[in-house]
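> Mind looking over this structure? Questions follow.
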Amino acid sequence: MNIPLNIDWQQILLHLFNFAILAGGLYFLLYKPVKNFMDQRLAYYAGMEKEATDKIEQAKAKEQEYQKLLEGADKEISQKKEQASKDAKKMAETIVEDANKQRDHILAEAHKAAEHEKEKMIQDAKEEIVGLAMAATVKMLHGEAVSHE
Amino acid sequence: MGKKKRATALAIWLCVVLILLVCGLVTGGSTVKHESIKEVMRDAVLHESNKISLLGIVDVNPALISAFTVTGIVLFIAACIRIFVIPKFQYVPGKFQLLLEQMVGFFDNLARTNSPHRNKFLGAYVFAAGVYIFIGTLFELFGLQGITTEGMSIALPAPLSDINAAISLGCLSYLVILSGGIAGNGLRGVGNTLKDFSLPISMSFRLFGALLSGLLVTELVYYYIQLSFILPVVVGIMFTLLHALIQTYVLTMLTALFYGEVSEPHEKTKK
């Protein structure tokens with residue numbers, strides 16, 4: 001059968017055969033390696049971008065963490081200040097109390113010592129008066145004896 | 001370049017062109033034509049007389065020899081690129097690497113955008129088809145000669161200016177679309193593809209008509225030696241370079257578009 005336009009099935013098949021070789025060759029020699037390289041580069045830059053994004057997120061997280069720590073430190077400082085002020089007040093009160101106690105004690109001791117000294121002085125004075133009286137008596141007795149002789 | 005020098009160069013060029021034109025007109029009458037323009041045109045369409053022997057096995061149209069030559073050249077260049085260029089690819093590309101990446105990227109993007117669901121095979125196919133159409137069409141510009149079975153010299157035409165080549169590529173594109181339909185939607189995909197039964201014919205004859213028109217105009221221009229000055233430059237660009245670009249884009253785009261359409265998964269309607 002004569003096909004119009006001189007269409008030849010054999011030549012169509014030969015053209016298909018030719019194109020199959022070309023398509024296969026181009027796929028393995030050019031298309032696949034170039035596309036693989038492009039994908040590899042895309043993955044590389046995507047990885048870099050992801051890494052950068054992760055680092056930014058990490059930095060943000062650290063910033064928040066430090067912010068929280070700073071806020072905590074401020075609170076802690078004010079608490080410690082308050083505590084220190086309370087402690088100092090307490091300590092001052094204790095010191096004043098101790099000082100008062102010591103003062104009372106010293107005063108009591110001083111009063112005691114003064115009393116004791118006073119008693120001692122009175123005792124000494126008494127003893128001295130007795131001694132003097134004795135001496136005077138002896139002198140008087142001795143004088144009378146001499147005069148009798 | 002100074003104005004004087006430019007004017008001198010222009011004058012010399014015009015003189016050369018005029019001398020060649022005069023020589024052409026003077027010597028034109030002595031040329032012996034083996035075929036009339038009618039025969040040349042008819043043979044360009046039907047390939048009735050000018051056949052070339054394929055390794056002594058079978059007589060074929062010159063376009064088939066062109067097709068094998070184009071395949072040989074393209075694969076040789078591709079092998080050279082694979083061996084010498086691709087291993088030296090850099091992440092920041094040079095000019096040639098950029099050209100290769102643009103080529104592959106263009107067809108890959110064409111496949112991705114038109115067929116978002118299945119595009120791996122489609123990308124490779126449209127790349128091969130695009131390269132074949134583009135380089136095959138430009139091939140006729142080189143005017144490589146073949147010897148016919150009758151012993152005459154003939155300029156090898158673009159492979160796709162032969163109806164057999166156009167039919168083979170059109171039908172193959174249709175089969176690729178059909179395969180996409182089967183892979184994506186099974187029997188429904190087959191139905192969707194078969195709906196466009198005129199597609200292989202339209203794709204084949206579009207290619208054939210476009211490239212044949214270029215061939216016929218070129219044959220016409222070169223048949224008359226008087227038309228062989230300056231005009232071939234315009235004709236070459238109009239009917240070869242633009243055809244190469246347009247037909248490459250049209251066939252690959254249509255194939256990708258139809259492939260995407262038939263391979264798109266359809267959601268089952270809820271009753």
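> Would you be able to tell me the number of residues in segment B:147-169 that are more than 10 Å from every other protein chain (Cβ to nearest Cβ) and assigned to a helix (DSSP H, G or I)?
Qualifying residue count, segment B:147-169: 1.
> Please specify each residue of segment A:84-142 satisfying the condition of being over 38 Å from the mean Cα position of the chain (by Cα) and of a type in the set (S, T, N, Q).
A:Gln102, A:Gln123, A:Thr137
> Taking the residues in segment B:222-242 that are among the β-branched types (Val, Ile, Thr) and within 20 Å of the chain's Cα centre (by Cα) as candidates, determine which candidate is surrounded by the most Cβ atoms within 10 Å (Cβ to Cβ).
Going through segment B:222-242, the residues among the β-branched types (Val, Ile, Thr) turn out to be B:225, B:230, B:233-235, B:237, B:240.
Still in the running and within 20 Å of the chain's Cα centre (by Cα): B:233-235, B:237, B:240.
Details: B:Val233: 9, B:Val234: 10, B:Val235: 17, B:Ile237: 12, B:Thr240: 22.
Only one residue tops the list, namely B:Thr240.
> Condition (residue is over 22 Å from B:Phe139 (Cα atoms), without any contact (Cβ under 8 Å) to a residue 12 or more places away in the chain, facing chain A (nearest Cβ under 10 Å) and out of contact with any strand residue (DSSP E or B) (no Cβ under 8 Å at 6 or more places or on another chain)) applied to segment B:65-79: is it met by at least one residue?
no
> Can I ask one more? Looking only at helices (runs of 4 or more DSSP H) that lie completely in segment B:1-116, which have at least 3 residues being out of contact with any Phe, Trp or Tyr (no Cβ under 7 Å at 6 or more places or on another chain) and over 30 Å from B:Leu211 (Cβ atoms)? Before the answer, list the steps.
Values: elements: B:3-28, B:37-46, B:62-80, B:95-114.
Fully inside segment B:1-116 and qualifying: B:3-28.
None of the figures in this text is laboratory data; all of them are computed from the coordinates on show. Remember, it's a predicted structure, so these values are computed and weren't measured experimentally. For neighbour counting, all protein chains shown are included, and Cβ atoms are generated from backbone atoms with ideal geometry for every residue, glycine included.
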